[in-house]
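The next block holds one structure in the form of structure tokens; read it before the comments.
The values are calculated or read from the model by the stated rules, or taken from the named source; none is laboratory data. Only a predicted model underlies this, so the values are computations on that prediction, with no experimental measurement involved. Here the Cβ positions follow ideal geometry from the backbone for every residue, glycine too, while neighbour counts run over all protein chains shown. Just so you know, the surface numbers come from the protein's heavy atoms only, side chains and all, with ligands and any DNA or RNA stripped out. Shrake-Rupley method; radii C 1.70, N 1.55, O 1.52, S 1.80 Å.
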Amino acid sequence: MFPTVHYPSERSALEAALARRCGLPTNALERDVDRVYERVSAEGAEALIDYTKRYDAPDFEPGDYRISPEFAEQCVSSLPTELRAAIDTAIKNIGAVNRRIVGSLTSWTEVLEDGHVVGERAYPLNSALVWVPARKAPLISVAVMLCVAAKVAGVRKIIVGTPPCNGRLPDRNTIAAAKLSGATDFVCGNGLAVVASAATGNWPLGRVNAMFGPGPHALAMAMARGAKYGVATQPGVGPSDSLIIFKGGLRDSQYADLARNFLTEIEHGKDSFTYALTMDAAAARALSEALSQALLNVFGREAHYRQIAADMQGAIIVFDELNELVAFTNQFAPEHLQFFMDPAESAVLAARIETAGEILDGYCTPFVAANYCIGVTAVLPTGGFGRSFSGVNARNFVRFTSYGQLTRAGLRRLLPTIEAIGSAEGLPNHVEGARLR
């Protein structure tokens, strides 16, 4: 069953697992990604089609990678009623959160002194690629999350890329969700090739200004390579990881809920990580028993979860000291963090956690609710990148231009400062450029 580790006395195996989570990409993987970029740069859409035929759909045809507006409309009209209602609810909540974010990203000016004005002007990006994975499962929620954020920010061209998953075709529900969420263009193809095409611009849709979306290490690296072409992205959106902090004294039904929540994020794949943290050894035993029972009800996936447990990518960790638990959490920098306790109990603890991608507070705030429809972004930094980066939302689709204005009197007042710094830097023309005015 899922191992129980006492920290810090039994942490060696855990540290080995964590090294795999945060390990740097291999040289071989980097070379593979570079080769995809090189081929796409040279061959354009022909390379995209070939990669898709080789790795995704053997019968893929040249005309399959561009999804027509008519097909997208058919996908919308064929949505089951309950799923359409669910997507509409998610769009409403995610839109509300992103409108609040965009409201804080306005242009502004301020007069520092008479004749001296500074500020910023906010502009939405012109275009963006949203990558929606589908190999393990068609992630409709990602399409909604990112397309709504881009649309609310004001992005004019929102391209959704997704792999074929039904023969040559993409998942119809994903295309429908993206269309309803504001996507303007749709592409079906191999993930690395689609990302490289969007970054280099060597396809009919041109180069995008930004691209976002989760995926395995290779896809995350391909996204990062886009910076070489001036494309904005968010590093570290890779395989999922999460932490749950829980207390003892739960009812049996609550341990059952906790066990199912524990299994949620590592359902994404064998490269995912989830740990449950506590200071109560009895509570750890109770959760272990609940996990055993939960696995009996997860038909067809027992081997998946047992391998994760064997590799120490899923475990229950018992801490002796609260400070150690907090330090571990901040170092881990979880993509998702849930406090499985009463919010009144978690308030003090939450104030000490500084690196989580998101904090979900309380028994009734499971991972899946945030993944789908609470409204806050679920496209979050993984692999410890939360120590430096935030989740993807409308903020990522807006750029700023600095603004300044001086009158002659304002420039005269700053001239001594310009002269002193320009002289120290040894750049006399800098100084003269201001003095002659």
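Just the number, please: carbon plus sulfur as a percent of the accessible area of the stretch 345-419, 1.4 Å probe, no ligands or DNA/RNA counted.
That fraction is 56 percent.
Round to a whole number: what % of the accessible area of the stretch 90-131 belongs to carbon and sulfur, probe 1.4 Å?
53
Leu427 to Glu70: extension gain in nm, 0.36 nm per residue of separation minus the Cα-Cα distance?
122.5 nm
Quick one: if you take sqrt(5λ) for each eigenvalue of the C-alpha gyration tensor of the stretch 245-303, what semi-axes come out, biggest first, whole angstrom?
Working through the eigenvalues yields semi-axes of 20, 13, 8 Å.
If all Cα-Cα distances of the stretch 214-260 are sorted into 5 Å bins from 0 onward, what percent lands in each bin, rounded to whole numbers?
5, 18, 18, 10, 8, 8, 10, 10, 8, 4, 2
How much FRET efficiency would the formula 1/(1 + (r/R0)^6) give for Asn166 and Ala351, where r is the Cβ-Cβ distance and R0 is 45 Å, rounded to 0.05?
Once rounded, the FRET efficiency stands at 0.40.
The stretch 337-384: Rg/Rh from Cα coordinates, Kirkwood Rh?
We get a ratio of 0.96 for the stretch 337-384.
Once you keep just the Cα pairs under 8 angstrom separated by 6 or more residues, what percentage relative contact order results for the chain?
Value for the chain: 21 percent.
Could you tell me the largest-minus-smallest coordinate of the C-alpha atoms of the stretch 116-257 on each of the three principal axes, in descending order and whole angstroms?
Each principal axis gives a Cα extent; for the stretch 116-257 these are 59, 57, 29 Å.
So what's the back-of-envelope 222 nm ellipticity for the chain, counting only DSSP H runs of four-plus at -39500 (n - 2.57) apiece and dividing by all residues, rounded to 500?
-14500 deg cm²/dmol
Taking the stretch 69-199 as the region of interest, what is the percent of Cα-Cα pairs per 10 angstrom bin, listed from the shortest bin to the one with the maximum distance?
12, 38, 28, 12, 6, 3, 0
Using only the Cα atoms of the stretch 301-437, build the gyration tensor, take square roots of its eigenvalues as a ≥ b ≥ c, and label the shape rounded, prolate or oblate: rounded if a/c is under 1.5, else prolate if a/b is larger than b/c, else oblate.
prolate
Would you mind estimating how fast the stretch 287-369 diffuses translationally, via Stokes-Einstein at 10 °C and 1.306 mPa s with the Kirkwood radius over Cα pairs, in µm²/s?
109
Over the alpha-carbon set of the stretch 138-208, divide Rg by the Kirkwood Rh and report the Rg/Rh ratio to two decimals.
Result for the stretch 138-208 is an Rg/Rh of 0.95.
Packing-wise, with mean Cβ within 10 Å as the measure, how do 266-278, 110-122, 250-262 rank, highest first?
The densest-packed peptide leads the list: 266-278, 250-262, 110-122.
Can you work out D for the chain in µm² s⁻¹ from Stokes-Einstein, where Rh is the Kirkwood radius over C-alpha pairs, the temperature is 25 °C and the viscosity is 0.890 mPa s?
It comes out at roughly 103 µm²/s.
Can you tell me how the stretch 225-345 classifies by the Cα gyration tensor, rounded, prolate or oblate, using a/c under 1.5 as the rounded cut?
Taking the square roots of the gyration eigenvalues as a ≥ b ≥ c, the stretch 225-345 is oblate.
Largest first and in whole Å, what are the equivalent-ellipsoid semi-axes of the stretch 1-106 based on the Cα gyration tensor, each being the root of 5 times an eigenvalue?
Three semi-axes, in Å: 37, 31, 18.
Heavy-atom accessible area per residue, the stretch 1-103, 1.4 Å probe: how many Å²?
It amounts to 58 Å² per residue over the stretch 1-103.
First select every other residue whose beta carbon is under 12 angstrom from the beta carbon of Met341; then total the charges, Lys and Arg +1, Asp and Glu -1.
Neighbour charge sum, excluding Met341 itself: -3.
For Lys179, list the aspartates and glutamates whose Cα falls under 20 Å from its own Cα; do not include residues on the same chain fewer than 8 positions away.
Here the aspartates and glutamates satisfying the reach criterion relative to Lys179 are Asp64, Glu70, Glu73, Glu82, Asp88, Asp171.
Hey, which of these cross-link pairs are over 26 Å Cα-Cα: Lys53/Lys136; Lys151/Lys270; Lys92/Lys247?
Too far apart for the 26 Å limit: Lys151/Lys270; Lys92/Lys247.
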